[in-house]
Protein chains: 2
Amino acid sequence: MAKAPADRAIEAGRYAYEGLERAIHEKARLGIMTSLMTRPEGLSFTELKELCDLTDGNLNRHLDVLSEAGLVDVRKDQGRERRSRTVVKVTAQGRTRFLEYVNQLERVVADAAEASRTAAGRLSTT
Amino acid sequence: MAKAPADRAIEAGRYAYEGLERAIHEKARLGIMTSLMTRPEGLSFTELKELCDLTDGNLNRHLDVLSEAGLVDVRKDQGRERRSRTVVKVTAQGRTRFLEYVNQLERVVADAAEASRTAAGRLSTT
C-alpha cells in the first residue's frame, strides 16, 4: 500500500555534506588554506601566524594536519648567514581539493539562504 | 626608518574568521542546523538522522552540543498509547546566530573565490 506523500519528503542524506573535507573545513585551517591560495609563491610561518591570528603551537599543529593530508608543503629555506625561514605553499593537489571544497561550501550557503527564507516565511504566516 | 611596503601587505587577522561559531561550523552540526532552519515546526529525531545521514550515537552527541549552546530545543512529545517521539527545533537565538554564521560563511566563499582567481592568474604568468 502506497504511503501518502508527506508535507515535505525527507530526502536521505540531503544535508550530509559529504564533500566538506574535514582537513580543510576546520575554522583555522580554512583560514590557512584561503590565505595560501592567495599566495601561490608561499607564505612564511610568521606571515601565516599574523594573517590567521594563531599562536606558534596552533599553527604548527594545523600545518601538520594539512601537510599529512597532502594539502600543503612546509619547507625550511636555509638563508644566508645561518638564518632559516619556514615557507609554506599549497600543493597542486591542495589547490584542486580546495576548489572542490569551495564548490561544496557554495552549496551549503545556497541551502542556508533558502532555509532562512523558509524560516522567515513560515514564521510570518503563523 | 620606514620599511618599504611589501608586494602585498600582511593584514593581521585577515583570515582568522572569528565569526565562524564552532558549535555551528562542525560539518554534521552545520547539516543539522540547516535542515532545522527549513522546518521551523521541528523535525523528529528519525527524520534528522535520515536527512543528515548520522547514526543515533552521533546525532545524540551533536544535539547535546547544539542544545548546550542554546541553539536547539530537544523535547520528548508524549504521544498516545505510550509512544513517545523526540522533536528537535531551532530556538529563536539559534536562528539569529545561524544567520550571523551564514553571513560570515558568505565572506569565506568570497575570499576563497578571489583566492582561486589569484592562484590561477599567478600560475598562468609563471
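The values are calculated or read from the model by the stated rules, or taken from the named source; none is laboratory data. Not measured: the values here are computed from a predicted model. All Cβ positions, glycine included, derive from the backbone under ideal geometry; neighbour counts span all protein chains shown. Side chains are part of the model used for accessible areas, which takes the heavy atoms of the whole protein and leaves out ligands, DNA and RNA. Shrake-Rupley method; radii C 1.70, N 1.55, O 1.52, S 1.80 Å.
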Subject >> Unmet requirement for A:GLU50, which otherwise passes all of (1) under 19 Å from B:ARG14 (Cα atoms); (2) open to solvent by less than 70 Å² (accessible area, probe 1.4 Å); (3) at pLDDT 95 or above >> reply: (2)
**OP:** Filter the range B:10-39 for residues that are among the small types (Gly, Ala, Ser), more than 14 Å from A:LEU54 (Cβ to Cβ) and at the interface with chain A (Cβ under 7 Å from one of its Cβ atoms) and give the result.
**Re:** B:GLY31, B:SER35
**OP:** State whether the residues of the range A:59-67 include one that is among the acidic types (Asp, Glu) and either within 14 Å of chain B (Cβ to nearest Cβ) or surrounded by 13 or more Cβ atoms within 10 Å (Cβ to Cβ) (or both).
**Re:** no
Original post:
If a residue has to be within 22 Å of B:VAL109 (Cα to Cα) and not aliphatic (A, V, I, L, M) to count, how many in the range A:48-69 make the cut?
Top reply: 5
**OP:** Filter the range B:97-115 down to residues that are within 17 Å of A:LEU20 (Cβ to Cβ) and at pLDDT below 90 and give me whichever is most open to solvent (accessible area, probe 1.4 Å).
**Re:** B:ALA113
